[in-house]
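Notes to accompany the following structure.
The values are calculated or read from the model by the stated rules, or taken from the named source; none is laboratory data. The structure displayed is predicted, hence computed values, not measured ones. In this analysis, Cβ positions are derived from the backbone assuming ideal geometry, glycine residues included, and neighbour counts consider all displayed protein chains.
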Amino acid sequence: MASDREFLAPVAGFRAIVHLSLIALHAAMLTSGHLPSEGEEWDQFKGSWVYTSMQAGGIQVDLMFALSGFLLVSKILSAKSALPLVDFLRGRVRRFLPPIIVISLIVVAMGDEWETNDVTSENYTPAWMRLLATWTFLLNYVPQSDYGSLSLSLCWSCCVDIQCGAIITIIANRVRSFISPKERSITTEKDKARFVYILRYCFVAWLMISLATRALLFDDDGLNMYKLGKLNHFGNVMTDSSYMWIEQRYNHTWRTKNSAGAFVMKYLNEMYMPTHTRYGPFAVGGIMACNLYLANSNTTPRKGTLLGSLVCWVLTIQALLSLIVPCIPQGDEEAPPMGAQLFITAAIRTLASASGAFLLYRALVPVEHPMHWSSLCSALSSPLLRPIANVSYWSYLVHFRLLLELCYNRATRDLIAYGVPLSSADNWILFMVRLFVIGAVLSILLAQMMQTSFSKIYSCTVGRVGGHHKVQ
């Protein structure tokens, strides 16, 4: 088994690259809000390879979900005894909640109350209720039109992570108790291998349940990922209150109407955010962890075959293409058959996460394994990526709000566009790239500052409490 340092280096690199890709996605999405949603200028902007590549199909969160499932199952497999559900929840909440509370209080202090909708409306939701939905990790199961906010909207994924992590923990504990009913630990190698194989079958079944759930929920007019992909302009996919909030806060003049808000909110509330539609990537991560454990446990010398090597590289090319080639539909070409739209809605996110998991697996298997890809392992293990990975959670929480300020505040927007008149699609593409680079650098630096400051304050607080108890 590789050392923790050797194991974590490619994982950190993978996390850093996906996080940077997510910042690029949001930089592209926010930039689109300065253009009209139809016409020659928009067609030129959205048809550019820069724009579509920065979006990367919008599957970045699915890759992070797969990574989360992989790390949790790897921890479970390496532990000598079961991981109690309470311990998992306590540890996850301790890691996730404090930064969320800090960010929440900061943006509220900045004036982000998101209360531009009519206070007399029956759907009016004050800021404190939006914060409560976020802090209790229920944000992914409440109506986004009422509880969502541009500053805290990304926290929905934290809710899914905790909920799916709890399911993984329960599954693993049930399998463990089946293998060893009277003991919390599995002592023999035979029982451990049996535990891993059964656990893998459980994750395969969970994966099938995920695909079936998304397929059953598919709705041509509402829960259709293909149609959502056609609506990749920021200005027509928001709630009315978010649309008004940007308009009023930044004195922004929209060049498009929020025409698809109802469709998008239905998709977000019933397909995009609920945990029961997000099992697939976590199951993929769990399967990968089981496969990697078995690969590391097999001490028999492995000998690759020509056919096996050919199949491996075919799968690798397919995985790279599925991640590199954007899956967001472009232009006004005729829509594919309904069966293809169903497949896209039910399976494309799981396939994308499986592609990422397969590539990471090739970097993590032992060097002597026929599937090991040393060049990829070295690239992902680059020391340049580690600092980004270390602050990726804090950066994840702050980057969207930071990009909003950079993109829509007139002073910062003009500074980023220095020397480039924003009068054509080509110039907006250049602005988008600058926004990504500057936004990524600033969000990582800000995340580093906040994480360091929070760690010092937390350490001092814990130290004082601990010292007080010792005196007592």
Of the conditions (1) assigned to a loop (DSSP other than H, G, I, E, B); (2) in contact (Cβ under 8 Å) with a residue 12 or more places away in the chain; (3) under 28 Å from Arg249 (Cα atoms), Ser395 fails just one. Which one is it?
(1)
Is there any pair with a first residue in the range 125-144 that is in a helix (DSSP H, G or I) and a second that is crowded, with 16+ Cβ neighbours inside 10 Å and of a type in the set (Ser, Thr, Tyr) whose Cβ atoms are under 6 Å apart and which are 6 or more apart or on different chains, and what are they?
Arg130/Tyr147; Arg130/Ser149; Leu131/Ser104; Ala133/Tyr147
Tyr396 - would you say it is aromatic (Phe, Trp, Tyr), out of contact with any Phe, Trp or Tyr (no Cβ under 6 Å at 6 or more places or on another chain) and farther than 30 Å from Phe218 by Cα?
no
For the range 268-281, indicate whether the set of residues that are of a type in the set (Val, Ile, Thr), more than 30 Å from His34 (Cβ to Cβ) and in contact with a Ser or Thr (Cβ under 8 Å, 6 or more places away or on another chain) is non-empty.
yes
Of Leu403, Leu435, Leu442, Leu415, the only residue that is in a helix (DSSP H, G or I) and touching a Cys at 6+ places or on another chain (Cβ under 7 Å) is Leu435
Let me confirm something: among Leu342, Leu307, Leu315, Leu360, which residue is at pLDDT 85 or above, closer than 20 Å to Leu22 by Cα and out of contact with any Leu (no Cβ under 6 Å at 6 or more places or on another chain)?
Leu360
Counting only residues that are more than 12 Å from Gly439 (Cα to Cα), hydrophobic (A, V, I, L, M, F, W, C) and surrounded by 17 or more Cβ atoms within 10 Å (Cβ to Cβ), the range 386-416 contains a total of 5
